[in-house]
1. Can you tell which of Ile96, Ile120, Ile44 shows the greatest fluctuation in a Gaussian network model of the chain with Cα springs below 10 Å?
2. Please report, in debye to the nearest 20, how large the charge dipole of the chain is about its Cα centre when each Lys and Arg carries +1 at its beta carbon and each Asp and Glu carries -1 there.
3. When Lys and Arg each count +1 and Asp and Glu each count -1, what net charge do the other residues less than 14 Å away from Thr129, Cβ to Cβ, add up to?
4. By how many nm would the segment from Lys53 to Leu13 lengthen if fully extended, with 0.36 nm per residue of separation less the alpha-carbon distance?
5. Using only helices, what value at 222 nm comes out for the chain when you add -39,500 (n - 2.57) per DSSP H run of length 4 or more and divide by the total residues, to the nearest 500 deg cm²/dmol?
6. Does anyone have the angle between helix 73-83 and the longest principal axis of the chain? Alpha-carbon axes, 0 to 90°, nearest 10?
7. So how far apart, in nm, are the two label points at Ala6 and Ile99 if each is 7 Å from Cα heading toward Cβ?
8. Separation of segment 11-43 and segment 89-133 by C-alpha centroid, Å?
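No lab work stands behind these numbers, since they all come straight from the coordinates. Keep in mind the model is a prediction, meaning the values are calculated, not measured. A quick note on method: Cβ atoms are made from the backbone with ideal geometry, for glycine too, and the neighbour counts reach across all protein chains shown.
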Amino acid sequence: MIENIAHQWRQPLSTISTLASGVCLNLEVANDNKENNISQLRQIVETTQVLSKTIDDFRDFYNVDTMDENFNILNSIQKSLETVQTDLSINDINIISNIDSRLYIYGLKNEFTQCLKKDIYLLIYMKKTIIYI
């Protein structure tokens, strides 16, 4: 489990570092692109929120009250993609999906979402430019 947490934190931390370095460099060379700096700072905030949510998700993973449930696959995939959107943008990765919004699955929704995020980060690390879902 610790390995999963570390894996899901490594890429966002790398993203934060890259964005912060970019803002710092822009300020050092007096690059007056204020909009770009603000955009990168917002991405840092979004990424830290993802990290916080990841901790909550893993805490809930051990919650004995977690129950199997019917859940919409498309909604879970969209939730996973939202949390990695900054990394997808930075790495110029496109998502192509063709999923029937009427599909439901019975299981552990949070665990399903965590597995998807882990797989997406693996594909980002492998430098895939297009991910088909």
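1. The residue with the greatest mean-square fluctuation here is Ile96.
2. 220
3. Within the 14 Å Cβ shell, the charges total 0.
4. That pair, Lys53 and Leu13, stretches by 13.0 nm at full extension.
5. -22500 deg cm²/dmol
6. With both axes taken from Cα atoms, the answer is about 20 degrees.
7. 2.9
8. The distance from the Cα centre of segment 11-43 to that of segment 89-133 comes to 26 Å.
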